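The values are calculated or read from the model by the stated rules, or taken from the named source; none is laboratory data. Keep in mind it's a predicted model, so treat the numbers as computed, not measured. Every residue, glycine among them, receives a Cβ derived from its backbone with ideal geometry; neighbour counts consider all protein chains shown. To get the accessible areas, we keep the full protein, side chains included, count just its heavy atoms, and leave off ligands, DNA and RNA. Shrake-Rupley method; radii C 1.70, N 1.55, O 1.52, S 1.80 Å.
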Amino acid sequence: MKILQVAGARPNFVKIAPLHRAFLQYSDMHPQIVHTGQHYDFLMSGIFFEQLKIPKPDHFLGVGQGSATTQTAEIMCAFERVLRAEMPDLVLVVGDVTSTLACALAAVQMHVPLAHVEAGLRSRDRTMPEEVNRILTDALSDQLFVTEQAAVDNLLRENIDPLRIHLVGNVMIDSLVRFRAQIEDFSHCGHLPIENERYLLVTMHRPANVDDEVNLRKIAGVLERLGMRWKILFVMHPRTGRNITRLGLEKEFLESVNVKVLPAQGYLEFLTLVRHAAAVITDSGGIQEETTYLGIPCITLRNNTERPATVTHGTNYLVPDFDAQKVWNTVEALLGRNPEDLAIPPLWDGNSAERIVNILREKYINS
């Protein structure tokens, strides 16, 4: 069985790594990795392959920057050529980025069975590009692998056949479990400014937040306010950095008291920062899951989350605006929470990739 696994952006690589290892346990399964090039520089791509021990991609589509529409069209055309050359038995896509939907569309047009890992997540906010990608990819997929019960419920409401829905847990947590020892021991990250004092870790990258000057100024205001009490480590996503420079806001971010700006980090470095933070402030989906597993308080500056288990079970708390005082109050409240009130969602145990591979074998090899 030949499987093409699609990865395009930073979070995809974390999810592909355990799946690729699980496929390789079987001599009759032949996984190939397709890197679309949506994230292509070393800090956003290459270092993840290196640290997660992912082999060199079998196919690199070389799609770089551009609008979502441009990227979608270019990825579809390039991936169609790969499909015609390889004639795979299955295409597996993960997550909710542009590459996910583009390759799903190309696979369906070529009548290749499609599996979606991390299916069923819904924010109910279609202004988010990821929400549209999720809905359409799920509608196209033959097998839908789900991280939490709320996602199962979403798919059933959308009239997806229950036989195609599989609650398997979270492959992103598989990677975290595998590298937990290195994350706990930060001696390999001696260049990071981790000291005995507690710090807040901040990262923001969603277009609605960082492409808008008003919201960027609000983020700077939050950092300035929090810096009056806590040390802040602000890991700057390349998109955020470009917009700060474009809008001339360097002073607001670089000169705030107690705020240290760091460049984008590798997988191990970033999770080491998460593990040793007093709390994390973010707009990222994946970080909500990682902090939940690690038991680190997380404040998500959004009015919704597609990952409700991180709120009902885990450490995540939604703050729907950039009110600096509200963020301050929430940090204080979360730092005082009883750890016994928190739980890791079911099946987030490091074995999700194996479950996925076993289901695919039953569906396509042993049936």
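Can you compute the FRET efficiency between A68 and T312 using 1/(1 + (r/R0)^6), with r the Cβ-Cβ distance and R0 = 22 Å? Round to the nearest 0.05. Could you put the intermediate results ahead of the total?
Values: r = 31 Å, r/R0 = 1.41.
Computed FRET efficiency for A68 and T312 comes out at 0.10.
Just the number, please: Stokes-Einstein D of the chain in µm²/s, Kirkwood Rh from C-alpha pairs, 25 °C, 0.890 mPa s. Before the final figure, lay out the partial values.
Working: Rh = 21.0 Å.
Diffusion coefficient, whole number: 117 µm²/s.
Using the beta-carbon distance between A181 and A333 and R0 = 35 Å, what value does 1/(1 + (r/R0)^6) give for FRET efficiency, to the nearest 0.05? List each step's numbers first, then the result.
On the way: r = 31 Å, r/R0 = 0.90.
Between A181 and A333 the formula returns 0.65.
Would you mind giving the three semi-axes, in whole Å and largest first, of the ellipsoid equivalent to segment 33-151 according to its Cα gyration tensor? Walk me through the intermediate numbers first.
Working: eigenvalues 90, 63, 47 Å².
Computed over segment 33-151, the values are 21, 18, 15 Å.
How many nm is it between the label spots at Q325 and A139, if each spot is 7 Å from the Cα in line with the beta carbon?
4.5 nm
What spacing in nm lies between the two simple spin-label points modelled at D58 and E158, each 7 Å away from Cα in the Cβ direction?
2.7 nm
Quick one: length gained pulling E50 to K260 fully straight, 0.36 nm per residue minus the C-alpha distance? Could the numbers behind the result be given before it?
On the way: separation 210, 0.36 × 210 = 75.60 nm, distance 2.65 nm.
My answer for the length gained is 72.9 nm.
Taking all protein chains as present, what is the carbon and sulfur share of the accessible area of segment 1-72, in % to the nearest whole number, probe 1.4 Å? Mind dumping the intermediate values first?
Values: 1580 of 2900 Å².
Carbon-and-sulfur percentage of accessible area, whole number: 54.
With a 1.4 Å probe and every protein chain left in place, work out the accessible area per residue of the chain in Å², rounded to a whole number.
Roughly 41 Å² per residue, with all protein chains present.
Would you work out what percent of the accessible area of segment 73-160, with all protein chains in place, is carbon or sulfur (probe 1.4 Å)?
Details: 1800 of 3360 Å².
C and S fraction of accessible area: 54 percent.
Any chance you could give the angle, 0 to 90 degrees and rounded to 10, that helix 10-23 forms with the longest Cα principal axis of the chain?
The helix 10-23 is inclined about 40 degrees to the chain.
Can you sort R361, R126 by solvent-accessible area, 1.4 Å probe, largest first? Before the final figure, lay out each step's value.
On the way: R361 30, R126 170 Å².
Sorted by accessible area, descending: R126, R361.
Treat each spin label as a single point 7 Å out from the Cα along the C-beta direction, and report the E250 to R217 distance in nm.
2.0 nm
Pick from G285, G37, G336: which is most flexible by mean-square fluctuation in a GNM of the chain where alpha carbon atoms under 10 Å apart are linked?
G336
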